[in-house]
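Written out below as structure tokens is the structure these notes cover.
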Amino acid sequence: MELSCTSVMLPRWELDETFDKLQQYGYDAVELRCRYNPDDPNSEPFFWGRHLSDVSPDNILDKADQIRAAVKRTGIRVAALAPNASYDDTEHVVKLFKGALAIDPDRPPLIRIDAPKHDRARPYWPQFLEARAGYARLAELACEYGVKATYEIHTGTLAVTASRALELLRGNYSA
């Protein structure tokens, strides 16, 4: 078992500092936040706001060398990327897939894809089927790139239990 931490909770640490401190504290891996920082460079660091490490879908390829060097130096593996990406935002998703491969082409980090929200003003079943088809397309794209996308079970989404997530993703996953 690996002890992993999400860098989402570490907004005040620079990228190298994140790896160094996680090594110091005995972690094995990190889920690396990969989101856009707010436009205001002076905004206070915050979980889903500005991060001093500033890894985003637009700069992950540029930062891949620094990330690989930090992995090599510390032994802290990048287990996953924590972006803000939905299955139907192909441009965003492809950047993440390429970034994951640039970090580790042999064992790319998992890419967490946002769960679709349940719009309670609309009938559930059509939303569910639309999401199922979207995840099928996402799974095909992930296979083309040789990466794995994950579904985050979360309240307020179309699949809030393991059994419902399994039904949503039926046929769209591999070991």
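We did not get these values from a lab; they are worked out from the coordinates using the rules stated. In this text, all values refer to a predicted model and were calculated from it rather than measured experimentally. Positions of Cβ are backbone-derived with ideal geometry, glycine not excepted, and every protein chain shown enters the neighbour counts.
Of note:
- Pairs linking a residue in the range 105-117 that is within 15 Å of Glu144 (Cα to Cα) to a residue that is of a type in the set (D, E, K, R), with Cβ atoms under 6 Å and 6 or more positions apart or on different chains, are Leu110/Lys148.
- Hey, Ala80 among the aliphatic types (A, V, I, L, M), within 21 Å of Asn172 (Cβ to Cβ) and in a loop (DSSP other than H, G, I, E, B) or not: no
- For the range 137-175, taking the residues that are small (Gly, Ala, Ser) and within 24 Å of Arg107 (Cα to Cα), the one that is surrounded by the fewest Cβ atoms within 10 Å (Cβ to Cβ) is identified as Ala175.
- Some residue of the range 113-135 being of a type in the set (D, E, K, R), out of contact with any helix residue (DSSP H, G or I) (no Cβ under 8 Å at 6 or more places or on another chain), within 25 Å of Arg33 (Cα to Cα) and surrounded by 14 or more Cβ atoms within 10 Å (Cβ to Cβ): yes
- Residue satisfying condition, being of a type in the set (Ser, Thr, Tyr) and surrounded by fewer than 18 Cβ atoms within 10 Å (Cβ to Cβ), within set Thr74, Thr90: Thr90
- Of the residues Ser43, Ser4, the single one that is farther than 21 Å from Val93 by Cα and in contact with a Gly (Cβ under 9 Å, 6 or more places away or on another chain) is Ser43.
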